[in-house]
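Everything below concerns the one structure shown next.
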Amino acid sequence: MKMKLAEIAKAIAVKNDISKWQDVEITSVAFDSRNLVGGALFVPLQGQTDGHRFASSAFDNGASATLWAEDHSVTTSEDQPVLVVDNPLKALQELGKYYLHKINPIVVAVTGSNGKTTTKDMIASILSTQMNVTKTYANFNNQIGVPMTLLGMEPNTEAVVVEMGMDHFGELDFLSNMVNPDIAVITMIGEAHIEFFGTRDKIADAKMEITHGLKEDGTLVYNGDEPLLNERTTDLKQVLRKFGRQLSNDLYATSVNAKTHEIEFHVNVWPEDTFTIPMMGEYNVNNALAAMTVGQILHISTKNMKNALANVELTANRAEWINGTAGEQILSDVYNSNPTAAKQVLHAFAKTPTEGRRVVVLGDMLELGDAAPHLHASLESEISPNSISDVYLIGPQMKSLYSELTSRYGADHLHHYDIEQKNQLTSDLLDFLSQKDAVMLKASHGLHLETVLDSLTK
């Protein structure tokens, strides 16, 4: 981005006189005073700490200006540009929407209980073969991350792929109306955040909010294998495009060959072509089909889609194979977890060829509410001594799964740890794992299993 303060002040209804700073140029936006570059506009957000406390540090680190909440006394120097607003977060969102309208790219919005980050990466890879593309960094997919994604666009951006997450009603409605997508994508409906919604039906209602800001001539791309979505699209006036495994979908896989590090598949629309994605798990074929549907809508050539999928760069720690220090192969999927995703990864991992042992390390799945004990225990359907030799569980909710598995595994092969025993878990894994083993790590982000992963890969 590149805007002068005069333009920014007009876009976000600044309340103070900034005429002496109107020609100051802003080239980026940051809300972390430690991670900004020269030319940045600092946004002091109010969360566990008040970002206004770090405005001086932001200027010391190169910020060119800062937003400032009207109900806070200004504490910066008189020569430091300050833009007074009602609410810095609201101003950030307004500025993001303004800049989006200014650049005017094609907007693709992606949500879903599982697979949205992978699908976002695949869509961006496909579109970037023929367009200048910006995509959501990591999983910056909330009311802060979405405007940050928009403000990260270069002036020549032709398409922006925006990931959208949610954990309450109204969130996707707000984000969708912020970006007014040309194409909205719903990957699937699972149990993620069921603590806040109660049922999958209500999760589906919340996911459909992504259509609230969808342009009148826009397109909804969704998983046609999901009855909850089919029921909710009958009255939608926009174009509908379905993907999945069933023959009733517009795009479906006619064959799938899943290997350890890649999947080959064929698609009904291009029967002579073999598509490859560099990841495990048949469930990722649906993510690829969603991305290919978007590519088809935007006239990306089949050749370019094939190359883009084969070489897609995925966000870290999502079903990513990493070499361990003992020579073991580690399947890192530690960013997040929910019952549907965990079962999918376990199912794929159980089929992974290995000359050693298959070992799973599972941590609690959060935000499942009263259903947590049952949903944790339900993972037992994918865990058998015939395919997985050893099981390591961590967290209070995983006691439910531990109880289900005690009849199948002896004490030497089934282990449970409390949260505060993470160091012991790490130590035990380091002692146990050896060359040729395959080990899978998956948990909700709140358990921070990435610290265990770091110890296994140092």
- Task: Net charge near Q435: determine it from the other residues with C-beta under 10 Å of the C-beta of Q435, scoring Lys and Arg +1 and Asp and Glu -1.
- Result: -2
- Please tell me the relative contact order of region 83-180 in percent, rounded to the nearest whole number, where contacts are Cα pairs under 8 Å and at least six residues apart. 36 percent
- Simple label model, 7 Å out from Cα along Cβ direction - N304 to Q46, nm: 4.6 nm
- Would you mind telling me the antiparallel percentage of the DSSP bridges in the chain, rounded to 5? 25 percent
- Task: Calculate how many DSSP beta bridges within region 3-88 are antiparallel, expressed in % of all such bridges and rounded to the nearest 5.
- Result: 25 percent
- Have a look at the DSSP beta bridges in region 191-271 and tell me what percent are antiparallel, nearest 5. 45 percent
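Let me check against my output: what whole-number percent is the relative contact order of the chain, with C-alpha pairs under 8 Å and at least 6 apart?
11 percent
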- Just subtract the alpha-carbon distance of K20 and E70 from 0.36 nm times their residue separation and send over the number in nm, one decimal. 16.1 nm
- Query: What spacing in nm lies between the two simple spin-label points modelled at N257 and Q435, each 7 Å away from Cα in the Cβ direction?
  - Reply: 3.1 nm
- The aspartates and glutamates whose Cα lies under 16 Å from the Cα of K20, excluding any fewer than 8 residues away in the same chain, are E7, E78, D79
- Message: Positive end of the dipole of region 3-88, charges at C-beta (+1 Lys, Arg; -1 Asp, Glu), about the Cα centre: which of V29, I8, A65 has its Cα farthest in that direction?
- Response: V29
- Message: What does the extension gain come out to for D428 and D60, with contour length at 0.36 nm per residue minus their alpha carbon separation?
- Response: 128.0 nm
- Hey, got a sec? Which trypsin sites (Lys or Arg not before Pro) in region 252-353 land in a DSSP loop and have at most 15 other Cβ atoms within 10 Å? K259, K351
- Paramagnetic reach from S389 in region 321-335 [backbone N under 14 Å; point 7 Å along Cα→Cβ]: 327-329
- Report the net charge of residues surrounding V146, where surrounding means a beta-carbon distance below 11 angstrom and charges are Lys +1, Arg +1, Asp -1, Glu -1. -1
- Give, rounded to the nearest 20 debye, the magnitude of the charge dipole that the chain has about its Cα centre when Lys and Arg contribute +1 at Cβ and Asp and Glu contribute -1 at Cβ. 800 debye
- Note on the structure: Within region 173-242, DSSP-loop GluC sites (Glu not before Pro) with at most 16 other C-beta atoms within 10 Å are E216
- Item | Extension gain (nm, one decimal) between D32 and H374, 0.36 nm per residue minus Cα-Cα | 119.2 nm
- Message: Using DSSP to call loops (not H, G, I, E or B), can you name the GluC sites (Glu not before Pro) in region 252-317 whose Cβ has at most 15 other Cβ atoms within 10 angstrom?
- Response: E262, E313
- Message: I need the shape label for region 222-281. Rule: rounded when a/c is under 1.5, else prolate if a/b > b/c, else oblate, with a, b, c from the alpha carbon gyration tensor.
- Response: prolate
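So, R0 is 56 Å and r is the distance between the beta-carbons of R245 and N87; what FRET efficiency does that work out to, to 0.05?
Efficiency for this residue pair is about 0.80.
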- Per residue, the convex hull enclosing the Cα atoms of region 3-88 spans a volume in Å³ of 84 Å³
- Message: Using Cα-Cα distances under 8 Å and only pairs 6 or more residues apart, what relative contact order does region 291-341 have, in percent?
- Response: 23 percent
- Note on the structure: Rounded to the nearest 500, the 222 nm mean residue ellipticity computed for the chain from DSSP H runs (n ≥ 4, each -39500 (n - 2.57)) alone is -9000 deg cm²/dmol
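Every number in this text was worked out from the coordinates using simple rules, so none of it is lab data. Keep in mind the model is a prediction, meaning the values are calculated, not measured. Because the Cβ atoms are built from the backbone with ideal geometry, glycine has one as well, and the counts that use them run over all protein chains shown.
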